[in-house]
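Undergrad: I'd like to ask you about the structure that follows.
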Amino acid sequence: MSESIGTRRVSGLSRKGLKGGTVGLLGAVVIGVSCIAPAYTLTASLGPTIAQVGVQLPAIFLVGFIPMLLVALGYRELNNAMPDSGTSFTWATRAFGPWVGWMGGWGLVAATIIVLSNLAAVAVEFFYLMLAQVTGNASLAALAGNVPLNIATTLVFISLACWVSYRGMETTKKLQYILVGFQLLVLAWFAVAAFV
């Protein structure tokens, strides 16, 4: 098979994307936990879910877990057969053709934009709440309700996330270690506080 700059074809699959060993087991676990975002899930969705379903919350969690487990098993099998960090685009293209792969890829881009803006908006609310608590000035928490300021702060957070992504996988991995460690500390404190 022919070799080209940056891409080497081996058994019909192109070698591109991350180098082997870039993300080890710990890195993969940290990235997986950060994708789940347990602290965000608790702060942004647990309250409204409890308000709607009440004591049936454990059943809702179990029902929600089943499709996620099946998706994880499917991704595992796809990665075993065709390792690729492009995931849906590459797999859908190989299975169903380039149009379906292209639509799947753009669907992920759109979902990422929507989720990122939502996460940043939630971060803005908690950012101003944190400032209010740290400074003892309760009026700072109300700044999150100021729409122009909220949008500007959200754009700053999105810009920071883009900058981290631009820096590469190593920077992303290091930042995720810090953020996931912080989330786990918050969850541990939350669990202890709930029992106490």
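Undergrad: So in segment 48-76, with the set limited to residues that are within 21 Å of the chain's Cα centre (by Cα) and not hydrophobic (A, V, I, L, M, F, W, C), which one is surrounded by the most Cβ atoms within 10 Å (Cβ to Cβ)?
TA: The qualifying residue surrounded by the most Cβ atoms within 10 Å (Cβ to Cβ) is T49.
Undergrad: Output the qualifying pairs, or none if there are none: Cβ atoms under 8 angstrom, residues six or more apart or on different chains, first residue in segment 66-79 and of a type outside the set (S, T, N, Q), second residue assigned to a helix (DSSP H, G or I) and modelled with pLDDT under 85.
TA: Qualifying pairs under 8 Å: L78/W91.
Undergrad: On the basis of being surrounded by 13 or more Cβ atoms within 10 Å (Cβ to Cβ) and either in a helix (DSSP H, G or I) or in contact with an Asp or Glu (Cβ under 9 Å, 6 or more places away or on another chain) (or both), does N150 make the cut?
TA: Details: surrounded by 13 or more Cβ atoms within 10 Å (Cβ to Cβ): yes; either in a helix (DSSP H, G or I) or in contact with an Asp or Glu (Cβ under 9 Å, 6 or more places away or on another chain) (or both): yes.
Yes: the conditions hold for N150.
Undergrad: Yes or no: segment 77-91 includes at least one residue that is exposed (fewer than 12 other Cβ atoms within 10 Å of the Cβ) and of a type in the set (D, E).
TA: Restricting attention to segment 77-91, the residues satisfying the condition of being exposed (fewer than 12 other Cβ atoms within 10 Å of the Cβ) are 77, 80-81.
Right, trim to of a type in the set (D, E) and you get 77.
So far as segment 77-91 goes, yes, one or more of its residues are exposed (fewer than 12 other Cβ atoms within 10 Å of the Cβ) and of a type in the set (D, E).
Undergrad: Another question, if that's okay. Is there a residue being in a helix (DSSP H, G or I), at pLDDT 65 or above and not assigned by TED's automatic domain parsing to the domain that holds F127 anywhere in segment 6-26? Even if it seems obvious, please write down each step before you answer.
TA: Looking only at segment 6-26, we keep the residues that are in a helix (DSSP H, G or I), and these are 25-26.
Cutting the leftovers down to at pLDDT 65 or above gives us 25-26.
Within this subset, residues satisfying the condition of being not assigned by TED's automatic domain parsing to the domain that holds F127 are 25-26.
Yes: segment 6-26 contains one or more residues that are in a helix (DSSP H, G or I), at pLDDT 65 or above and not assigned by TED's automatic domain parsing to the domain that holds F127.
Undergrad: Looking at the structure I just gave you, is A44 of a type in the set (A, V, I, L, M, F, W, C), surrounded by 13 or more Cβ atoms within 10 Å (Cβ to Cβ), at pLDDT below 80 and not assigned by TED's automatic domain parsing to the domain that holds A120?
TA: yes
Undergrad: Cβ-Cβ distance below 7 Å, separation of 6 or more or different chains: which pairs start in segment 176-196 with a residue that is within 26 Å of L25 (Cβ to Cβ) and end on one that is of a type in the set (S, T, N, Q) and assigned to a helix (DSSP H, G or I)?
TA: Q176/S34; L179/S34; V180/S34
The values are calculated or read from the model by the stated rules, or taken from the named source; none is laboratory data. Keep in mind that this is a model prediction, so the values were computed, not measured. Methodologically, a virtual Cβ is constructed for each residue, glycine included, from the backbone with ideal geometry; neighbour enumeration extends over all protein chains shown.
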